1. Does segment 113-136 hold any residues that are buried (at least 18 other Cβ atoms within 10 Å of the Cβ) and under 24 Å from the mean Cα position of the chain (by Cα), and which are they?
2. Free of Cβ contacts under 8 Å to residues at least 40 places away in the same chain, assigned to a helix (DSSP H, G or I) and not hydrophobic (A, V, I, L, M, F, W, C): is that true of Thr62 in this structure?
3. Quick one: would you say Tyr41 is part of a loop (DSSP other than H, G, I, E, B) and either in contact (Cβ under 8 Å) with a residue 12 or more places away in the chain or surrounded by 15 or more Cβ atoms within 10 Å (Cβ to Cβ) (or both)?
4. Identify, please: which residue in segment 6-20 is assigned to a helix (DSSP H, G or I) and free of Cβ contacts under 8 Å to residues at least 24 places away in the same chain and is, among those, nearest to Trp72 (Cα to Cα)?
5. Could you give every pair whose Cβ atoms fall below 7 Å, whose first residue belongs to segment 150-173 and is closer than 21 Å to Ala98 by Cα and small (Gly, Ala, Ser), and whose second residue is at pLDDT below 95 and not in a helix (DSSP H, G or I), counting only separations of at least 6 or pairs across chains?
6. Of all residues in segment 2-57, which are of a type in the set (Val, Ile, Thr), within 24 Å of the chain's Cα centre (by Cα) and modelled with pLDDT of 90 or more?
7. Return yes or no: is Tyr100 at pLDDT 95 or above and over 18 Å from Val4 (Cα atoms)?
8. Quick test for you: out of Ala34, Ala3, pick the one residue that is buried (at least 20 other Cβ atoms within 10 Å of the Cβ) and under 17 Å from Glu81 (Cα atoms).
Amino acid sequence: MSAVAHLWFVTIHPFDDGNGRIGRTLSDMLIARADEIPVRYYSMSAEISRNKKSYYEVLERTQKGDLDITEWMLWFFSTLEDAINRAVCGVERTLQKAAYWDNHHNVEVNERQRKVLNRLWDGFEGKLTTSKWARICSCSQDTALRDINDLIDKGMLVNSGEGGRSANYLLPK
């Protein structure tokens, strides 16, 4: 029902502006009603926003074609599945982060170390190097390396094994 309501709302296009946003909100509202649970950890609206290009492509093909909305429905349900999977990954990552900090609750870390470790858990882009650590914490590379080595000694960080200029560091598995 949510997929059809969204499609027909944006196809009718009753307002000069905001039809897409209202359509996405309508989708989320109808999905929430169908779930019959007080809390949802996924957002169809956010997932559509992440896939805007394919959204507009399938929407245009569906609106300009005959009355067959099969392609739209398949796209919508695939996107819904992606939204749910993204939420599951987020919850799993949060649980892993909580377990990590629980396992290390007696370990003393400074604010720079806590900041970078949390950033690693929250989706750090790329590889963590001493120069990135130094930029993130506004400190010298020597201080960054001391912080990193301290965390390696405490078992809170591991060396990736790449040496020299490629040296980078990861959370332990």
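The values are calculated or read from the model by the stated rules, or taken from the named source; none is laboratory data. Just so we're clear, the structure is a prediction, and the values are computed from it rather than from any experiment. Cβ: placed from backbone, ideal geometry, glycine included. Neighbour counts: every protein chain shown.
1. Gln113, Val116, Leu117, Leu128, Thr129, Lys132, Trp133 - these are the residues of segment 113-136 that are buried (at least 18 other Cβ atoms within 10 Å of the Cβ) and under 24 Å from the mean Cα position of the chain (by Cα).
2. No: the conditions fail for Thr62.
3. So Tyr41 fits the description; yes.
4. Here is the first cut: in segment 6-20, the residues assigned to a helix (DSSP H, G or I) are 6-12, 19-20.
Next, from what is left, pick out any that are free of Cβ contacts under 8 Å to residues at least 24 places away in the same chain: 8-9, 12, 19-20.
Values: Trp8: 11, Phe9: 14, Ile12: 16, Asn19: 17, Gly20: 15 Å.
Filtering first and then ranking leaves Trp8.
5. Gly155/Pro172
6. Scanning segment 2-57 gives Ile22, Thr25, Ile31, Ile48.
7. Values: at pLDDT 95 or above: yes; over 18 Å from Val4 (Cα atoms): yes.
When the stated conditions are applied, Tyr100 passes them.
8. On the way: Ala34 fails: buried (at least 20 other Cβ atoms within 10 Å of the Cβ).
Of Ala34, Ala3, the one residue that is buried (at least 20 other Cβ atoms within 10 Å of the Cβ) and under 17 Å from Glu81 (Cα atoms) is Ala3.
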